[in-house]
Every structure is written in C-alpha cells, then in structure tokens.
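K.L.:
There's a structure below that I have some questions on.
The values are calculated or read from the model by the stated rules, or taken from the named source; none is laboratory data. These numbers were taken from a predicted model, which means no experiment stands behind them. Don't worry about glycine lacking a Cβ; one is built from the backbone with ideal geometry, like all the others, and counts go over all protein chains shown.
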Amino acid sequence: MSSAVILDDKFKKSAEIQLPERFNEISPHNSYLYIKSYQAALRANSAHTKTRSEVRGGGKKPYSQKGGGRSRAGSTRSPIRVGGGVAHGPKNNKNYFQKVNKKQKKLSLLFELNEKAKQGKLFVMDSIVIDSGKTKDAFNFVQNICSRDLLVVKELIDEKTFYAFRNLKNSYLIEPNELNGYTVAAFDSIVIEKSVFETLIKEG
C-alpha cells in the first residue's frame, strides 16, 4: 500500500499517511489519455504552407505546349518549381483537441499521485510559507526535499511565497485548481499542504 510522507518544519519525516486502496485499482490508461490530450493542446499549430493555387502568380503558361523540346508546363507555381506551391505540406487549420472525460481527468491525477507515493516522492507539510520572500530561502526549501525538480502545491499563494519561488527553474508553485495528472507526472517530487492533500483524498 502506498503512502505519503509527512514532513515537519525541519524537513524531517514525522509520520506517514496511507493512500486509499482504491488508488491502486486505477488503470494507467486514464493517465495516458489525459497526458496525451494535455500535450496535444499545447501544440502551437503554426506551421502552414501554400498550395499551388494559393501562391501568388503563375497564371500565364510559361512557354508553348509543343515545339520547345521541354516537358509541358501550365504554371510556374507547380510544386516541382522553385517559388512554387508545396504539395501535401502542413496546414494551420488542423484541430488537435482530444476530448477527455472529467472522471478520467480526476483518475489521472489520483493515479499519478499514487505513483509518486510508491516511489516515496509524495510529501505533505502542514504549511508551505517563505516569509522572507527570498529566492535563496525557496531554493533551500527545494533542496531539503529533493535533489531534482519539485512541484509545490499551496492552498492559497501569498505574495512573499510567490516572489520567493518565481525565479526558481527547478520548482513550480501552484494552487489546487492547477493540479492535474500532467503536472504531477512532469516533476520528480511533489510537496502538498496538508489541507489540500486531505481534500484530494476525501474527494478521490
């Protein structure tokens, strides 16, 4: 059974919280579908080429049909010519949206939280606050929990804590409404305020 590690103010392990048994029964396919949908939505969809009918010019037949010894041509904007259109190129009118049910989105989050708990990388703290507002203190906070990148989930982000974390490249400070399966999977470790964690367990 997977469990979350409770840390005290000194970043020492004080206890563990067992995750519900039902979390182990969630299919990983829910997470796969949601993450695929999330990444598809991130696509810029800006690559665009013009076909021979969209390229400017080429209305006049370049040379006579017969008598020149060359292959026949009707336009200088053919895809085989320099300055011509592109055949089968990318278009920016493609829709990459992939629908995912709300239930699957929720199951994806619970599955990823359970995976982090199995790896011993799910941490819970009573309160996450950087009173000084200094990046140095936020950096030390991250280093005391993990050696790589850290997702920090706080119920309400105050101004000082926001300023402390905003310039750190190896951490991401969010509120519960931004938490999803993709953000949990993208980071090596995650630390959550106890009130947020209890709500997740209760609603899950």
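K.L.:
Quick check: is even one residue across the stretch 99-119 farther than 30 Å from residue 161 by Cβ and among the hydroxyl-bearing types (Ser, Thr, Tyr)?
P.N.:
Checked against the condition, which is being farther than 30 Å from residue 161 by Cβ and among the hydroxyl-bearing types (Ser, Thr, Tyr), the stretch 99-119 yields no hits at all.
K.L.:
Restricting attention to the stretch 41-53, and to residues there that are at pLDDT below 95, out of contact with any Pro (no Cβ under 9 Å at 6 or more places or on another chain) and not polar (S, T, N, Q), which single residue is surrounded by the fewest Cβ atoms within 10 Å (Cβ to Cβ)?
P.N.:
Out of the qualifying residues, it is 44.
K.L.:
Among the numbered conditions (1) at pLDDT 95 or above; (2) farther than 30 Å from residue 178 by Cα, tell me where residue 62 comes up short.
P.N.:
Against the list (1) at pLDDT 95 or above; (2) farther than 30 Å from residue 178 by Cα, residue 62 comes up short only on (1).
K.L.:
Sticking with this one: Those residues that are touching a residue at least 24 places away in the same chain (Cβ under 8 Å), over 30 Å from residue 109 (Cα atoms) and charged (D, E, K, R), I need them from the stretch 38-82; list them, please.
P.N.:
Once the filter is applied, which keeps residues that are touching a residue at least 24 places away in the same chain (Cβ under 8 Å), over 30 Å from residue 109 (Cα atoms) and charged (D, E, K, R), the stretch 38-82 yields 50, 52, 54, 77.
This table checks each residue for (1) at pLDDT below 95; (2) surrounded by fewer than 14 Cβ atoms within 10 Å (Cβ to Cβ).
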site: 91; (1), (2): yes, yes
site: 95; (1), (2): yes, yes
site: 123; (1), (2): no, no
site: 127; (1), (2): yes, yes
site: 136; (1), (2): no, yes
site: 145; (1), (2): yes, no
site: 151; (1), (2): no, no
site: 170; (1), (2): yes, no
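K.L.:
So, one more: If you take the residues of the stretch 1-58 that are outside any loop (DSSP other than H, G, I, E, B) and of a type in the set (S, T, N, Q), which of them is farthest from residue 91 (Cα to Cα)?
P.N.:
14
K.L.:
Okay, moving on. Do you know which of the residues in the stretch 1-21 that are within 29 Å of the chain's Cα centre (by Cα) and free of Cβ contacts under 8 Å to residues at least 40 places away in the same chain is farthest from residue 189 (Cα to Cα)?
P.N.:
Checking each candidate, the answer is 21.
K.L.:
Collect the residues in the stretch 67-89 that are loosely packed, with under 12 Cβ neighbours inside 10 Å and among the hydroxyl-bearing types (Ser, Thr, Tyr), keeping them in residue-number order.
P.N.:
Matches in the stretch 67-89: 71 only.
K.L.:
If you don't mind, there's one more thing I want to ask. Considering each of 87, 15 in turn, give the residue that is at pLDDT 95 or above and among the small types (Gly, Ala, Ser).
P.N.:
Testing whether each residue is at pLDDT 95 or above and among the small types (Gly, Ala, Ser) leaves just 87.
K.L.:
Quick one: what pairs do we get from the stretch 92-103, first residue closer than 13 Å to residue 181 by Cα, second surrounded by 10 or more Cβ atoms within 10 Å (Cβ to Cβ) and of a type outside the set (Asp, Glu), C-beta under 6 Å, 6+ apart or different chains?
P.N.:
As it stands, the answer is 100/33; 100/34; 100/37, since those pairs meet every condition given.
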